[in-house]
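Right, one structure below, let's go through it.
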Amino acid sequence: MKLILLGAPGAGKGTMAKLLTAVDGSVQISTGDILRGAVTAGTALGKQIESLMKSGDLVPDDLIMGIMEQRLQEPDCEKGFLLDGFPRTIPQAEALKDLLERLGIELDMAVNLDVAREVVLDRLTTRRTCSNSECQAIYNVNSNPPRQEGVCDKCGSSVVQRDDETAEAISHRLETYAEKTAPLIGFYEREGLLLNVDAAGPSETVLAAISARLGTS
Ligand code: AMP
């Protein structure tokens with residue numbers, strides 16, 4: 001499958017992408033994970049974007065498009081991909097449309113995970129993430145804690161609160177989402193690709209709604 005996952009921070013894009021990869025082997029491509037990996041590795045890109053990410057600002061469109069142009073041409077994308085956190089602005093969505101046309105790739109749909117602001121605020125403040133950039137498993141202190149506190153079930157690395165999940169950065173990320181990313185819902189509706197899903201409930205219900213539309217259930 002070739003999907004875009006849209007939704008506010010905390011809407012469940014990463015969780016859904018991980019569940020959907022199990023359906024047919026499509027790869028999860030999270031620009032947030034790629035960028036956090038660059039920051040942790042201390043690459044030139046990582047140094048350039050570290051403070052932007054920490055404060056919850058977006059990384060410039062041209063940097064993101066450079067990363068995605070390469071990533072979408074890697075062989076593992078042939079099976080399909082789940083774009084998690086990309087595109088995030090109208091210029092990124094337009095550039096992605098051109099890129100996919102050039103590469104001869106057709107999207108199945110853009111799924112908007114629709115969740116009220118209070119729910120995402122609660123999810124983000126209680127979310128914990130595996131610190132291993134190769135793993136980045138997602139936990140929640142209330143609904144899905146790791147078996148051993150602070151230790152990832154999957155890889156044994158420490159489970160931490162992300163730097164951009166302080167109250168201040170979260171509120172800035174939600175404002176940025178409303179201003180820059182929410183307009184993508186209308187963009188993909190006009191493209192005839194939008195599936196709007198109520199994502200306040202359990203992830204299994206959300207997965208079932210997406211699978212039904214894709215015909216994979
Ligand atoms: P995420 O893990 O998707 O919440 O992304 C974490 C942070 O990475 C965001 O707050 C941005 O600073 C940056 N980021 C991730 N994806 C993008 C994107 N497509 N465009 C710009 N910045 C991004």
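The values are calculated or read from the model by the stated rules, or taken from the named source; none is laboratory data. Just so you know, these numbers come straight off a predicted model, no measurement behind them. Every residue, glycine as well, gets a Cβ built from its backbone with ideal geometry; the counts of neighbours run over all protein chains shown.
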Checklist line | Filter result (out of contact with any Ser or Thr (no Cβ under 6 Å at 6 or more places or on another chain) and under 14 Å from GLY14 (Cβ atoms)) within region 115-135 | finding: VAL115, VAL120, ARG123, LEU124, ARG127, ARG128, THR129, CYS135
Check: Of all residues in region 147-174 being of a type in the set (Lys, Arg) and touching a residue at least 24 places away in the same chain (Cβ under 8 Å), which is surrounded by the most Cβ atoms within 10 Å (Cβ to Cβ)?
Finding: ARG173
Item checked: Odd one out for THR126 among (1) within 12 Å of the ligand (Cβ to nearest atom); (2) under 20 Å from SER171 (Cα atoms); (3) of a type in the set (S, T, N, Q) -> (1)
Note to self: Going by what's in this entry, would LYS79 be described as under 14 Å from LYS2 (Cα atoms), more than 9 Å from the ligand (Cβ to nearest atom) and not aromatic (Phe, Trp, Tyr)?
What the structure shows: yes
Note to self: Among the residues of region 163-179, what is the count of those that are within 12 Å of the ligand (Cβ to nearest atom) and within 16 Å of ARG117 (Cβ to Cβ)?
What the structure shows: 9
Note to self: Can you tell me which residue is nearest to ILE170 (Cα to Cα) among those in region 17-34 that are more than 10 Å from the ligand (Cβ to nearest atom) and β-branched (Val, Ile, Thr)?
What the structure shows: ILE29
Next item on the list: Among what's in region 69-98 and is of a type in the set (S, T, N, Q) and assigned to a loop (DSSP other than H, G, I, E, B), pick the residue that is nearest to TYR188 (Cα to Cα).
Entry: THR89
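Which of the following residues is modelled with pLDDT under 95, over 27 Å from VAL119 (Cα atoms) and either surrounded by fewer than 16 Cβ atoms within 10 Å (Cβ to Cβ) or within 15 Å of the ligand (Cβ to nearest atom) (or both): GLY37, GLY10, GLY14?
When all the criteria are applied, what remains is GLY37.
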Next item on the list: Only residues that are in contact (Cβ under 8 Å) with a residue 24 or more places away in the chain and in contact with a helix residue (DSSP H, G or I) (Cβ under 7 Å, 6 or more places away or on another chain): list them for region 126-146, please.
Entry: SER133, GLN136, ILE138
Checklist line | Filter result (of a type in the set (Val, Ile, Thr) and at pLDDT below 95) within region 181-210 | finding: THR205, VAL206, ILE210
